[in-house]
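To keep things clear, I will list the structure first and then write my remarks on it.
Nothing in this text is a laboratory measurement; each read-out follows from the coordinates by a stated rule. Quick caveat: nothing in here was measured; it's all calculated off a predicted structure. Neighbour counts run over all protein chains shown; Cβ positions are idealised from the backbone, glycine included.
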Amino acid sequence: MYDKLVFELSDSNKNSVSIPENNYDLKLESCISQKNMRESDAEIPTVSEIDILRHFVLLSYKNHHLQKGFYPLGSCTMKYNPVINEEVSSHEKVTKIHPYQDEEDVQGILKIMHDLQRMILEITGFDSMSLQPVAGAHGEFAGMMIMSDYFKSRNEKRTKMLIPDSAHGTNPASCTLAGFRAVQIKSNANGEIDLEDLDKNMDGETAGIMITNPNTLGIFETQIEKIGEIVHSKGGLIYMDGANLNAIMGIVKPGEIGYDILHINLHKTFSTPHGGGGPGAGGVCVVKKLADFLPPFIVKEKNKTYTLACPEKTIGALHSFYGNVNIMVRAWAYIRVMGNEGIKEATKMAIVNANYIKTKLKGFYDLPYDMPTLHEVVFSGRMHKSRYGVSTLDIAKRLLDYGFHAPTIYFPLIVSEAIMIEPTETETKETLDIFIDAMKKISEEAKTNPELLKNAPVNTPVTRLDDIKAMKDMNVNWYGQKHE
Ligand SMILES: *Cc1c(COP(=O)(O)O)cnc(C)c1O
């Protein structure tokens with residue numbers, strides 16, 4: 001019975017819903033034109049309440065999610081986010097207000113946003129910020145527009161933007177969208193920015209550089225002072241992609257070590273999961289001289305009321321109203337609960353966990369950049385490929401059989417057959433040990449039974465799919481027996 005879908009269990013004698021009486025003095029016929037009315041009832045399955053519950057629980061088990069198992073997706077921070085933050089953000093005082101309400105009626109939520117701005121500025125060491133951008137990439141775009149308008153206001157024509165080859169793909173995209181030309185900068189043997197290449201390319205026509213720190217190899221860019229000298233001495237600005245702030249928060253303040261602009265991902269770092277394409281929040285922070293160009297942000301007026309304000313030379317609004325407020329509330333709750341010490345502790349645990357995996361799997365998988373790692377570690381499956389003909393994709397698929405979500409693979413691009421693992425701070429040593437064990441077993445299977453890996457996964461509800469077809473030609477409809 002449990003293999004059956006709810007549609008197959010349907011029986012017109014059963015029912016799991018009771019629709020309330022229409023108590024309104026409103027006839028459907030007066031709102032919907034006759035030609036749009038159904039002629040016959042919709043074939044909606046009717047089952048008992050317990051069956052519909054089981055249907056959804058079983059469906060949820062066919063998927064992989066954090067509540068079910070480890071999800072070490074690198075660069076996307078799929079961590080456990082406390083349920084209390086969900087409760088706070090779905091409180092009716094948050095969900096039942098509307099952006100068209102007068103500001104004087106919604107002072108509470110504006111205060112939350114103002115507090116959050118203040119806390120993020122404290123964590124990052126910048127002077128001003130806007131919470132309005134609704135994704136990491138959107139925050140990058142805001143930063144690029146701020147740079148663009150800053151140079152325009154100084155009558156400087158700067159058209160190029162330097163971007164290291166280890167950058168996240170959104171960096172060249174957002175700088176291009178803002179009208180700059182992306183110029184690639186090499187990484188050195190340590191996986192950090194090659195200073196010689198930077199020096200060669202930084203000139204009076206270059207607006208600046210976008211640096212991801214820690215970079216996508218999980219390595220901290222240690223040469224920021226020298227980078228600062230090179231870029232600032234030629235009049236450029238330094239942008240930091242801080243999507244992975246969870247690797248440095250509470251320990252390093254980017255605004256105090258030479259960066260001019262930063263975006264952070266409130267999702268990923270502060271209690272909203274990322275990776276499913278859901279809404280985000282990509283607040284953008286700046287040093288004082290750029291504050292006048294920010295998109296709208298919340299200010300506290302002299303009479304102590306809060307309001308959304310636009311600085312004089314603003315790049316303009318990037319979204320309607322305030323941005324994704326719900327995500328801000330989660331972030332606010334997270335930071336308030338964790339406090340200074342908790343934030344620092346989370347960072348340390350994220351680093352310890354990544355380094356634990358790195359140490360335990362070294363020798364079993366190739367480690368192209370064997371440098372001190374922060375929150376994530378990048379292995380390569382190239383040894384397995386050349387020796388046993390097994391690809392990183394095969395290794396990732398086999399992990400599903402062991403009950404894990406696969407790590408990010410084939411990124412960053414500068415590592416061939418990359419396997420990028422981010423355990424996050426929330427996983428226990430026991431979970432990491434089981435994962436490490438599975439990775440070791442898979443490494444052994446590659447040698448003894450490569451065919452097994454090439455055909456993996458074998459234990460999942462569906463076996464290996466054509467990834468592209470599954471995405472581009474998705475069929476989520478149920479046609480019942482009629483179409484079989
Ligand atoms: C996730 C991420 C981004 C983009 O964030 P989105 O919210 O997906 O737009 C940018 N840079 C880095 C380093 C990231 O990890």
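How far apart, in nm, are the 7 Å Cα→Cβ label points at residue 154 and residue 447?
Modelled inter-label distance: 5.8 nm.
Order 125-138, 45-58, 197-210 from most to least packed using the mean count of other Cβ atoms within 10 Å.
For the peptides 125-138, 45-58, 197-210, the packing ranking is 125-138, 197-210, 45-58.
Considering only DSSP beta bridges with both partners in the chain, what is the antiparallel share in %, to the nearest 5?
50 percent
Of 152/253; 62/253; 234/304; 96/469, which pairs sit farther than 32 Å apart, going by alpha carbon to alpha carbon?
62/253; 234/304; 96/469
Ranked from highest to lowest mean number of other Cβ atoms within 10 Å per residue, what is the order of the peptides 439-452, 458-471?
Put in order of decreasing packing, that is 439-452, 458-471.
Out of the DSSP beta bridges found with both residues in region 120-245, what percent are antiparallel (nearest 5)?
Taking every DSSP beta bridge with both residues in region 120-245, the antiparallel ones total about 5 percent.
Under 19 Å from a point 7 Å along the Cα-to-Cβ line of residue 15: which residues of region 49-71 have their amide N that close?
49-53, by backbone N distance to the label point.
Would you please give the FRET efficiency between residue 49 and residue 103, computed as 1/(1 + (r/R0)^6) with r the Cβ-Cβ distance and R0 = 56 Å, to the nearest 0.05?
With a Förster radius of 56 Å, E is 0.80.
If Rh is defined by the Kirkwood formula over all Cα pairs and Rg also comes from Cα, what ratio Rg/Rh do you get for the chain?
Rg divided by Rh gives 1.02.
Once fully extended, how much extra length lies between residue 22 and residue 111, figured as 0.36 nm per residue of separation less the alpha-carbon to alpha-carbon distance?
Taking residue 22 through residue 111 to full extension adds about 28.1 nm, to one decimal.
Per the helix-only calculation at 222 nm, which mean residue ellipticity applies to the chain, given -39500 (n - 2.57) for every DSSP H run of n ≥ 4 and division by its residues, nearest 500 deg cm²/dmol?
Rounded to the nearest 500, it is -11500 deg cm²/dmol.
Would you mind computing, in nm to one decimal, how far apart the modelled labels at residue 257 and residue 434 are, each placed 7 Å from Cα along Cα→Cβ?
Taking the two extended label points, one gets 3.6 nm.
Can you pull the semi-axes for region 344-472, root of five times each eigenvalue of the Cα gyration tensor, sorted largest first, whole Å?
Sorted largest first and rounded, they come to 24, 17, 15 Å.
Kirkwood Rh over alpha-carbon pairs of region 80-234, then Stokes-Einstein at 10 °C and 1.306 mPa s: what D in µm² s⁻¹, rounded to an integer?
87 µm²/s
Could you let me know the centre-to-centre spacing of region 179-244 and region 297-329, using Cα atoms, in angstrom?
Centre-to-centre distance over Cα atoms comes out at 30 Å.
Compute the length gained on full extension between residue 65 and residue 41: take 0.36 nm times their separation in residues and subtract their Cα-Cα distance, giving the result in nm to one decimal.
5.1 nm
Taking region 292-337 on its own, what percent of its Cα-Cα pair distances exceed 14 Å?
Looking at region 292-337, the distances longer than 14 Å represent 62 percent of pairs.
Report, by chain and number, residues whose modeled amide H sits under 5 Å from the one on residue 127, excluding near sequence neighbours (fewer than 5 apart, same chain).
286, 287, 288
Tally the DSSP beta bridges in region 86-337 and give the antiparallel ones as a percent, rounded to 5.
Beta bridges within region 86-337, antiparallel portion: roughly 40 percent.
Sort 82-92, 31-41 by packing, meaning the average of other beta carbons within 10 Å per residue, with the highest value first.
82-92, 31-41
Would you mind computing Rg(Cα) / (2.2 N^0.38 Å) for region 84-153, counting N as its residues?
My calculation over the Cα atoms of region 84-153 gives 1.39.
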